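The values are calculated or read from the model by the stated rules, or taken from the named source; none is laboratory data. What you see is a predicted model, and the numbers here were worked out from it, not measured in a lab. All Cβ positions, even for glycine, are placed from backbone atoms using ideal geometry, and neighbour counts span all protein chains on display.
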2 protein chains.
Amino acid sequence: MPELASDSVGVVAPQTAHFDDPLALACGKTLPSYTLVYETYGTLNAEGTNAVLICHALSGHHHAAGRHHEDDRKPGWWDAHIGPGKSIDTNRFFVVSLNNLGGCHGSTGPLSINPDTGRLWGPDFPMMTVSDWVHSQARLADRLGIERFAAVVGGSLGGMQVMQWALDYPERIAHAAVIAATPRLSAQNIAFNEVARQAIRSDPDFHDGWYGEHDTLPRRGLKLARMVGHITYLSEAAMGSKFGRDLRQDLGYGYDVEFQVESYLRHQGDTFSESFDANTYLLMTKALDYFDPAAPHGGDLAAALAPAKCPFLVVSFSTDWRFPPWRSRELVDALVRADKPVSYANIDSPHGHDAFLLPEPRYQAVFAGFMARVARDQQLEGS
Amino acid sequence: MPELASDSVGVVAPQTAHFDDPLALACGKTLPSYTLVYETYGTLNAEGTNAVLICHALSGHHHAAGRHHEDDRKPGWWDAHIGPGKSIDTNRFFVVSLNNLGGCHGSTGPLSINPDTGRLWGPDFPMMTVSDWVHSQARLADRLGIERFAAVVGGSLGGMQVMQWALDYPERIAHAAVIAATPRLSAQNIAFNEVARQAIRSDPDFHDGWYGEHDTLPRRGLKLARMVGHITYLSEAAMGSKFGRDLRQDLGYGYDVEFQVESYLRHQGDTFSESFDANTYLLMTKALDYFDPAAPHGGDLAAALAPAKCPFLVVSFSTDWRFPPWRSRELVDALVRADKPVSYANIDSPHGHDAFLLPEPRYQAVFAGFMARVARDQQLEGS
């Protein structure tokens, strides 16, 4: 078997935590009981001061670092940034990464059994908001004996959860890292999400979300949703340099794959449509659309941020056109206006929104520098 | 009945021209005979020197200006720019506007009868290229007694036809106006087209393109194609200022329309899916993808442009992200390198790609100025 790299957290195993105390949700419904699946990397210190929470993005999950077995082909989705000596240094920090409620990777969601009916939750699973997720994450922290996170960290939809943590639990978050995110979706962002939803919901195999009971999957819809999503994750330049107008075969003047980029997108869509739950995808896009902490404050983001008490790191990427740099600067400006400590870095990267997943050197340096400050502030050993 | 504005071409009627001379196509097939539907505005002068050809975009057609009856609700798609005293001044010019082959507005296309089989052409209609369209347009010019166009003009896919005119018939085009176009699609452009095609082709009502024989329409797919297309026609800023995060109703935490932008997109998609032919949409997107005059010259656009003999006007729009200004500058740079006369204007507009259809004052001034030069060069009366 191949040896795991020395900066890997190694072989990890998911754990589960079951909760029987009902969770009241923003939509007005209550989840009577639920399970969260999560992973941890590193060791919680005796004082409980070194915990870092990782919040995942639209199609993410709890498996953020390491491998599930020694010859696991792929590591966790943020393995570039979590491990011994990496930005989130597991020699110092105790890292917690969970699958959010409504997800399809083990936490309670549309693929779970609804205790009231004995059938799958399916489309009856209540709509989740970023705030709901943060509340459920706080309960997981309670369970793990974490009074206060040294840092809460996330990219994209994960970054929205970080913002919400700073507002809903200001005493329980010592530092916030908001990466490639936005304080609210634009009309164009919502429009792309709506195309994805219409693709899924208009697929005849969707059956109003009860595809499980019809022994089918809305593969066509989910494939289209992923294809259009994928275009927004990559920069135009990255797509251009990766595929350009390269042909996969001679022009056939038909509808088989001709250009490489077509082949790539179809493959991405096909793979995703077999592995991700459509109801989960729908509710995750809605959580994105709904997120808007400034709304109850008449759109004044600085007013919304008043409760926050922790220092922020905000990171954007130059070619991210899903959540462009100016969207991060909106947050930075509001934090400054609200008199909150904030460091901001706009990282030059050709990789668009996906850059937040990748190990770009300046990004790593900025991120590691911020996490070293977290360690110092928390008076962690060796920092 | 309401009076038509004095700068309208008034009530117009489509005409048809039938061609029995076979048209050899780039795909290797031959169209044995075909009909083109077209409109004309203004009067061809005795010398035949004042004709202007209008080339349409992806979902366009021959009805570019005026109204089909006096209380027609909407004028032609380029009515802002064609009429007495407008940029393309019908007091001076004889304007020809046709529906391209493969279209669904009267010219021979998938909705026509295939003489070989007696059934609809449907998906058997041969794939068209920009070059094929230009050849068919030249034959229409022959029929109308137009030896040489004073100008060939078009936006988006229409602008590609203008470029092709300058290369394939350099003696027959005196001036070229290429608006909101690009000398070739990027990988991202192709990717969006591929999403649209997959949406249509994976719709169970598509029936491999034989929906006509199944008495149905691939409405779901065509709706999705239009929705995703529409996002790319509008700038993020325009969508933001038009809709922002405005709600159509209180949040329902469900999948009914909540945000205004959702309502708008669904409506656009529904309307289009009832009025446009899916096979036409597919082949038009392919014609876009295939267009790449530099390809036979190893990617050297200046070399490709060598045959051109006419002065060019190139216009781009600041917030067009479908074919951004730098894509127009690629063409301008290549024209300069190829030692061709070119005027270029990048117009500040919030309206994205759709700006080419709208009456922005500086755009109108630039366009009218160029057309006045056309009139002078052609020694037209009153100019």
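So is residue A:221 more than 9 Å from chain B (Cβ to nearest Cβ) and touching a helix residue (DSSP H, G or I) at 6+ places or on another chain (Cβ under 7 Å) or not? Taking the combined requirement at face value, the residue does not satisfy it. Note on the stretch B:330-382: residues that are over 22 Å from residue B:320 (Cα atoms) and either among the charged types (D, E, K, R) or surrounded by 17 or more Cβ atoms within 10 Å (Cβ to Cβ) (or both) total 13. Of the residues making up the stretch A:118-149, those that are polar (S, T, N, Q) and more than 13 Å from every other protein chain (Cβ to nearest Cβ) are A:136, A:137.
Checking A:97, A:59 one by one, the residue that is in contact with a Lys or Arg (Cβ under 9 Å, 6 or more places away or on another chain), touching a residue at least 24 places away in the same chain (Cβ under 8 Å) and either buried (at least 24 other Cβ atoms within 10 Å of the Cβ) or assigned to a loop (DSSP other than H, G, I, E, B) (or both) is A:59 and no other. Whether any residue in the stretch A:358-371 is closer than 30 Å to residue A:46 by Cβ, in a helix (DSSP H, G or I) and of a type in the set (Gly, Ala, Ser) is what I want to check. Within the stretch A:358-371 (the criterion being closer than 30 Å to residue A:46 by Cβ, in a helix (DSSP H, G or I) and of a type in the set (Gly, Ala, Ser)), the answer is yes, since at least one residue qualifies. Among the residues of the stretch B:292-304, the ones that are in contact with a Lys or Arg (Cβ under 6 Å, 6 or more places away or on another chain) and either within 10 Å of another protein chain (Cβ to nearest Cβ) or not in a helix (DSSP H, G or I) (or both) come to 1 in all. Does residue B:187 meet the test of being facing another protein chain (nearest Cβ under 7 Å), farther than 30 Å from residue A:295 by Cβ and within 25 Å of the chain's Cα centre (by Cα)? Taking the combined requirement at face value, the residue satisfies it. Of the set (1) outside any strand (DSSP E or B); (2) within 14 Å of the chain's Cα centre (by Cα); (3) closer than 21 Å to residue A:12 by Cβ, all apply to residue A:164 but (3).
With closer than 30 Å to residue B:246 by Cα, in a helix (DSSP H, G or I) and hydroxyl-bearing (Ser, Thr, Tyr) as the only criterion, which of B:271, B:285, B:319, B:280 stands out? Unique residue meeting the criteria: B:271. Can you tell me which residue is farthest from the other protein chains (Cβ to nearest Cβ) among those in the stretch A:167-184 that are touching a residue at least 40 places away in the same chain (Cβ under 8 Å) and assigned to a loop (DSSP other than H, G, I, E, B)? Applying the filter and picking the extreme gives A:174. Criterion first (outside the structural domain of residue B:122 (by the TED database), free of Cβ contacts under 8 Å to residues at least 24 places away in the same chain, on the phi > 0 side of the Ramachandran plot and not in a helix (DSSP H, G or I)) does residue B:252 satisfy it? The answer is no for residue B:252. For the stretch A:277-297, the count of residues that are within 28 Å of residue A:49 (Cβ to Cβ) and touching a residue at least 12 places away in the same chain (Cβ under 8 Å) is at least one. Looking across the stretch A:1-51, the residues that are part of a strand (DSSP E or B) and over 24 Å from residue A:66 (Cβ atoms) come down to A:19, A:23, A:24, A:30, A:31, A:34.
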